[in-house]
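Some notes on the structure that comes next.
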Amino acid sequence: VQLQAFGGGLVQAGGSLRLSCAASGRTFGSYNMGWFRQAPGKEREFVAVVNKYGGSTYYADSVKGRFTISRDSAKNTVYLQMNSLKPEDTALYYCAAMGGSYYYTDLTRYNYWGQGTLVTVSS
């Protein structure tokens, strides 16, 4: 599956952005979909995941209550709605896909990655 993430940009603290990740290739519905991010000088970290059926989600503590992950099977797209953004949310955001019956927060479990989209939150 090929993934393309977009929707990043510059936003003030407290603002909102919605990231999208369009999937093409093999069956989108076969994959659990995750979002990760990497800030300058830091390791890539887990942000959120939605299972392949769309009925189960999981979030990093740092974004819980502010970010919402969802998927639209008709459009082969996964979204990350980000509200109440903080300067510490500034990072390159990646979408990723993994097969199987269970989802994980470990990035090594993910087989396919998008190119990343940059989110910058100003204070």
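If you go through region 45-70 and keep only what is under 15 Å from ALA97 (Cα atoms), more than 11 Å from the chain's Cα centre (by Cα) and of a type outside the set (Ser, Thr, Tyr), you end up with ASN51, LYS52, GLY54. What are the residues in region 19-41 that are within 14 Å of THR90 (Cα to Cα) and either modelled with pLDDT under 95 or over 10 Å from the mean Cα position of the chain (by Cα) (or both), if any? Those that are within 14 Å of THR90 (Cα to Cα) and either modelled with pLDDT under 95 or over 10 Å from the mean Cα position of the chain (by Cα) (or both): GLN38, ALA39, PRO40, GLY41. Looking at region 42-76 only, could you name the residues that are open to solvent by 80 Å² or more (accessible area, probe 1.4 Å) and either under 17 Å from ALA22 (Cα atoms) or modelled with pLDDT under 95 (or both)? Residues satisfying the conditions are TYR53, ALA74, LYS75.
Within region 1-21, being in contact with a Phe, Trp or Tyr (Cβ under 8 Å, 6 or more places away or on another chain) and either closer than 23 Å to THR120 by Cα or open to solvent by less than 60 Å² (accessible area, probe 1.4 Å) (or both) holds for VAL1, LEU3, ALA5, GLY8, ARG18, LEU19, SER20, CYS21. If only residues of region 63-76 that are part of a loop (DSSP other than H, G, I, E, B) and in contact (Cβ under 8 Å) with a residue 24 or more places away in the chain are counted, the one that is farthest from THR120 (Cα to Cα) is SER73. Taking the condition of being under 15 Å from LEU92 (Cα atoms) and outside any strand (DSSP E or B), how many residues in region 1-16 meet it? The qualifying residues number 2.
In the set (1) open to solvent by less than 60 Å² (accessible area, probe 1.4 Å); (2) assigned to a loop (DSSP other than H, G, I, E, B); (3) touching a Leu at 6+ places or on another chain (Cβ under 9 Å), ARG37 fails one condition alone, (2). Scanning region 72-85 for any residue that is in contact with a Ser or Thr (Cβ under 7 Å, 6 or more places away or on another chain) and among the hydroxyl-bearing types (Ser, Thr, Tyr) turns up at least one such residue. Screening TYR104, TYR93, TYR79 for residues that are at pLDDT 95 or above, outside any helix (DSSP H, G or I), among the hydroxyl-bearing types (Ser, Thr, Tyr) and open to solvent by 10 Å² or more (accessible area, probe 1.4 Å) leaves exactly one candidate, TYR79.
The values are calculated or read from the model by the stated rules, or taken from the named source; none is laboratory data. The model shown is predicted, which means the values in this text are computed figures rather than measured ones. No Cβ is skipped: glycine too gets one built from the backbone with ideal geometry, and neighbour counts run over all protein chains shown. Heads up: the accessible areas ignore ligands, DNA and RNA and are worked out on the full protein's heavy atoms, side chains in. Shrake-Rupley method; radii C 1.70, N 1.55, O 1.52, S 1.80 Å.
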